[in-house]
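The structure appears right after this line, and notes come after that.
The values are calculated or read from the model by the stated rules, or taken from the named source; none is laboratory data. Keep in mind the model is a prediction, meaning the values are calculated, not measured. Heads up, the Cβs are rebuilt from the backbone with ideal geometry, glycines too, and the neighbour counts pull from every protein chain shown.
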Amino acid sequence: MKKNLQEIFSNHPRQRDALIPILQDIQGIYGYLPAETMKAAARHCRIDPVEVYGVATFYAQFKFRPIGLNTVMVCLGTACHVMGGARILEEVQSQLGVRPGESTEDGVFTLETVACIGACALAPAMVVNKDTHGRMKAEKVTEILNAARNNSN
């Protein structure tokens, strides 16, 4: 980890303005922000660790736990909500045994909710990795999750 951090820090000045790009680089390597890397970023940028945590928690892009091999995003935007997005979310939660923001114990899935994925005409919709699935029905969730699980092996 130390070597990775040294390489990241060598590409950024030792100032507050470099914090977000540093955090993005760290997450790019680890998939999330381990606590020790945020402390190291604070030292590099010469700021208090609590400031790093404040910045990192402000932006939804940053994760604080390892993410699964597959990311499932269920849209809860207006169109998806009206067309049954909450029911799709319930079904995904039931099948994976996790809530939004959590990953399965086996590390295969991470569940997220989003306000809009930009596929309103396909409502309700969900995205698994980079594949958008529209006009979702609860019955389709099993098939989609199984396909993603099989592609992870």
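Odds and ends about this structure:
- Criterion: hydrophobic (A, V, I, L, M, F, W, C), under 23 Å from residue 27 (Cα atoms) and surrounded by fewer than 19 Cβ atoms within 10 Å (Cβ to Cβ) - qualifying residue of 82, 72, 108: 108
- Pick from the range 111-145, criterion touching a helix residue (DSSP H, G or I) at 6+ places or on another chain (Cβ under 7 Å), outside any helix (DSSP H, G or I) and small (Gly, Ala, Ser), ranking: surrounded by the most Cβ atoms within 10 Å (Cβ to Cβ): 125
- Within the range 57-71, considering residues that are touching a helix residue (DSSP H, G or I) at 6+ places or on another chain (Cβ under 6 Å) and of a type in the set (A, V, I, L, M, F, W, C), the one farthest from residue 104 (Cα to Cα): 62
- Filtered residues of the range 43-64 (kept if surrounded by fewer than 20 Cβ atoms within 10 Å (Cβ to Cβ), in a helix (DSSP H, G or I) and out of contact with any Lys or Arg (no Cβ under 7 Å at 6 or more places or on another chain)): 43, 50, 51, 53, 54, 55, 57, 58
- Positions within the range 37-55 being out of contact with any helix residue (DSSP H, G or I) (no Cβ under 6 Å at 6 or more places or on another chain) and either at pLDDT below 95 or under 14 Å from residue 25 (Cα atoms) (or both), in sequence order: none
- Flag for residue 101 being assigned by TED's automatic domain parsing to the domain that holds residue 138 and at pLDDT below 95: yes
- Out of 22, 47, 8, sole residue that is free of Cβ contacts under 8 Å to residues at least 24 places away in the same chain and more than 25 Å from residue 112 (Cα to Cα): 8
- Residue match in the range 62-85 (condition: assigned by TED's automatic domain parsing to the domain that holds residue 123, out of contact with any His (no Cβ under 6 Å at 6 or more places or on another chain), on the phi > 0 side of the Ramachandran plot and at pLDDT 95 or above): yes
- Test result for residue 33, modelled with pLDDT of 95 or more and in a loop (DSSP other than H, G, I, E, B): yes
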